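Since the structure comes first, as structure tokens, the remarks are kept for the end.
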Amino acid sequence: MITSIQESETLFSTIRVLVPGTSSRFRCGGLSVAKQTVRLLSELRPTTLVTYRERTVEHPFIDDLLKEGLVDDKCLWIVTWGFDVPRLLKRLRGRNVIYHAHSSGYGFKLPPSVPIVAVSRNTMGYWGHHASRNPLFLIPNALESQWIERGDLKGDLAIRPIDVLVQKRKSSNYVLFELVPALRAKGLRVEIQSDWVEDIVRLFNDSKVFLYDSTEHWSAAGVTEGFGLPPVEAMACGCIVFSSLNHALSDILTPGEIGHQIGCGSLSNDVNRIIAAVCNPSDWKSSSIKSDLALLELSEESHVKRWKDVLNQIDQLLPMFYESDFIKQRSRLRIVGIKLFNRLRFYINKLLGAS
């Protein structure tokens, strides 16, 4: 008789999300997402933010937890900071660990016992190639509730005071030093956000067009755009988005439907299209139906549901890793060797058949 797999009991009673620190030197999108992950996972199981480089009063430090034996088999560790993952995996060897994968391209390998939760299809595809036997899951990053609650998604763009908004961080030299001056020369009001803004939602709500071009930034960093929240945040506020389509941005943006490509052919083409979007926003803005569907998929409620399902699966998977052998992933050298052997055998058989 064939029986279905029943939902397992909760195996991991606590979750620890690791970050290097929480001070201003670590302030970035990755830290914001980690904090949000802790907050949302806390709805499912007790979850704590743990630091491993910087000691803070607010959060436990990894050394203290490991030395004091405060970690047991019921604890699930989540590592996420790409550059630090190999070192953290060594420190946590023998414990239950999953990798929350954002950017890809760091070059490290993962043990087959480490499940991977990717934030984009682009990142999932990377690990689907480089760690094809590891359990893979997809949970896109969620928009913080303020963007859904306060974003002026269906507001009148024509009355907004800022024609074009650019965030300096991650922006390309092309946008900052060629496109922005060209747009200003045409009389457009272009706002470049370079400092901390107390009310970022309001800034987006005041803008008609949002420009995002991160290809250059990530090429210099040597890794990928893991998710690309800024264009989604702009979309939640009803902005017309002109963006590069590198890496995970292609998960979200469909040129001409949800967003428009920046750096498309020539500077004059970009300038003309952006001016047209500012002057006739209804012709360039994504349809409300498509925007609503995209944002619904990225809501915190959907995010929690996905994590609940993934945690239930991980509850079943991780104990199996200690009871049975892994599906081995062949090394690249062995794969090449097999291909060469098969090709040689093909030619030998061909020669023997012809003789």
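The values are calculated or read from the model by the stated rules, or taken from the named source; none is laboratory data. Small disclaimer: the values here were computed from a predicted structure and weren't measured. Positions of Cβ are backbone-derived with ideal geometry, glycine not excepted, and every protein chain shown enters the neighbour counts. Note: accessible area is taken over every heavy atom of the protein model, side chains too, but ligands, DNA and RNA are not part of it. Shrake-Rupley method; radii C 1.70, N 1.55, O 1.52, S 1.80 Å.
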* Structure fact -> Percent antiparallel among DSSP beta bridges confined to the chain, nearest 5, equals 5
* To do: With only Lys, Arg, Asp and Glu charged, each at its Cβ (+1 for the first two, -1 for the last two), find how big the charge dipole of the chain is about the Cα centre; round to the nearest 20 debye.
  => 1720
* **Nearest-10 value in Å² for the accessible area of M320, using the 1.4 Å probe** => 90
* Asked: What accessible area, in Å² to the nearest ten, does a 1.4 Å probe give for S288?
  -> 60
* Structure fact -> Hydrodynamic radius by Kirkwood for segment 114-175, inverse mean 1/r across distinct Cα pairs, in Å, is 15.5
* Enumerate the amide H contacts of R95 below 5 Å, restricted to partners 5 or more residues apart or on another chain; note that Pro and chain-start residues carry no placed amide H. => none
* To do: Would you mind telling me which residue in S24, S244, S172 has the biggest mean-square fluctuation in a Gaussian network model of the chain, where springs connect alpha carbons within a distance under 10 angstrom?
  => S24
* Each residue of segment 142-159 in turn: what ³J(HN,Hα) in whole Hz from Karplus with 6.51, -1.76, 1.60 and θ = phi - 60°, glycine and Pro shown as x? -> 9, 6, 4, 4, 4, 6, 6, 6, 10, x, 8, 4, 10, x, 7, 5, 4, 9
* Asked: What is the percent of Cα-Cα separations in the chain that go past 36 Å?
  -> 33
* Got a number for carbon plus sulfur as a percent of the chain's accessible area, 1.4 Å probe? -> 53
* **Dipole of the chain, positive direction: furthest Cα of S145, Y52, I240, with charges on the beta-carbon** => Y52
* Accessible surface, per residue, of the chain when the full set of protein chains is kept, probe 1.4 Å, Å² -> 53
* Under a GNM of the chain (C-alpha, springs under 10 Å), which listed residue has the highest mean-square fluctuation: S286, S32, S243? -> S32
* May I ask you to derive the FRET efficiency for R345 and L317 from their Cβ-Cβ distance with R0 = 41 Å, giving the value to the nearest 0.05? => 0.60
* To do: Convert 10 °C to kelvin, take the viscosity as 1.306 mPa s, use the Kirkwood radius over C-alpha pairs of segment 234-315 as Rh, and evaluate the Stokes-Einstein diffusion coefficient in µm²/s, rounded to a whole number.
  => 109
* Residues whose placed amide H lies under 5 Å from that of A118, excluding near-sequence neighbours -> A101, F137, L138, I139
* Would you please give the FRET efficiency between Q146 and R87, computed as 1/(1 + (r/R0)^6) with r the Cβ-Cβ distance and R0 = 30 Å, to the nearest 0.05? => 0.30
* Asked: How large is ³J(HN,Hα), in whole Hz, for each residue of segment 123-140 in order, when computed from phi with the Karplus curve 6.51 cos²θ - 1.76 cosθ + 1.60 and θ = phi - 60°, using x for Gly and Pro?
  -> 5, 4, x, 4, 6, x, 8, 8, 9, 5, 9, 6, x, 10, 9, 10, 9, x
* Structure fact -> Residue span L44 to R133: 0.36 nm per residue of separation minus Cα-Cα distance leaves a gain in nm of 29.3 nm
* Could you run the Karplus curve 6.51 cos²θ - 1.76 cosθ + 1.60 with θ = phi - 60° over segment 295-308 and give me ³J(HN,Hα) per residue in whole Hz, x for Gly and Pro? => 6, 4, 5, 9, 6, 5, 4, 5, 4, 5, 4, 5, 5, 4
* Structure fact -> Residues whose built amide H sits under 5 Å from the amide H of T47, excluding neighbours closer than 5 in sequence, are I15
* Structure fact -> For the chain the mean separation of alpha carbon contacts under 8 Å (6+ apart) over residue count, i.e. relative contact order in percent, is 16
